[in-house]
1. Take every Cα pair under 8 Å in segment 2-123 that's 6+ residues apart, average their separations, divide by the length, and report that relative contact order as a whole percent.
2. Dipole size in debye (nearest 20) for the chain around its Cα centre, Lys and Arg Cβ +1, Asp and Glu Cβ -1?
3. Hey, how much of the P(r) for segment 26-81 falls beyond 19 Å, as a percent of Cα pairs?
4. Which chymotrypsin sites (Phe, Trp or Tyr not before Pro) in segment 15-95 pass both tests, a DSSP loop state and at most 11 other beta-carbon atoms within 10 Å?
5. With runs of 4+ DSSP H residues as the only contributors, calculate the mean residue ellipticity of the chain at 222 nm using -39,500 (n - 2.57) per run, divided by the residue total and rounded to the nearest 500.
6. Which pairs in the list Lys106/Lys144; Lys26/Lys106; Lys106/Lys133; Lys85/Lys130 are over 31 Å apart, alpha-carbon to alpha-carbon?
7. Between Arg30 and His148, what is the label-to-label distance in nm when each label sits 7 Å out along the Cα-to-Cβ direction?
8. Taking all pairs of distinct Cα atoms, average 1/r, flip it, and tell me the Kirkwood hydrodynamic radius of the chain in Å to one decimal place.
Amino acid sequence: MAQQIKADKDYTLLTSLLQVSDILFKIRERELLSQNLSAPAAEILFLVDAMGENVTPAKITRMMLREPHSVSGLLVRMEKHGFIKRAKDMERKNHIRITLTAKGEKALKQVMKLEGTTDIIARLSTEQRKQLKTTLAALKEAGKKELHLGPKALPWP
């Protein structure tokens, strides 16, 4: 019987974590409507900018922990809308490099000004943020071990 109570507490905690994630995602999606971007597309703009040079679809896939075909489809749509450019690597012909276009850089600047989710996170004290960061890092590492992900998976943040 004691094991059942432990499982219920863990499941309740997991449910709460997922609800917070869903809430933040919905807030982000709502504020991105004005930019004609989805939350995953905005995440790609941010990642491409943060990773700098030599950004490939494979690197984006690892960072987002998504299936390659999902990221590929999103990149194709983003290119059609003029946010990114996909170009073959001249040295390694089988690689594609991703860069932001001027429109993508402008969209990223606008996206970074949106404050719906940051206003919520700002409600945490410095100590609460530090604890949350530590807790999330521990959960991330445990999850990576469970999924047998190598050190290149989810390297940042």
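What follows is calculated from the coordinates using simple rules that are stated; it is not laboratory data. Just so we're clear, the structure is a prediction, and the values are computed from it rather than from any experiment. Here the Cβ is made from the backbone with ideal geometry for all residues, glycine too, and neighbour counts use every protein chain on show.
1. Relative CO of segment 2-123 lands at 25 percent.
2. Value, rounded to 20: 400 debye.
3. 27
4. Sites meeting the loop and neighbour criteria: none at all.
5. Using -39500 (n - 2.57) per qualifying helix, the result is -21500 deg cm²/dmol.
6. Lys106/Lys144; Lys85/Lys130
7. 4.2
8. One over the average 1/r among Cα pairs gives 17.8 Å for the chain.
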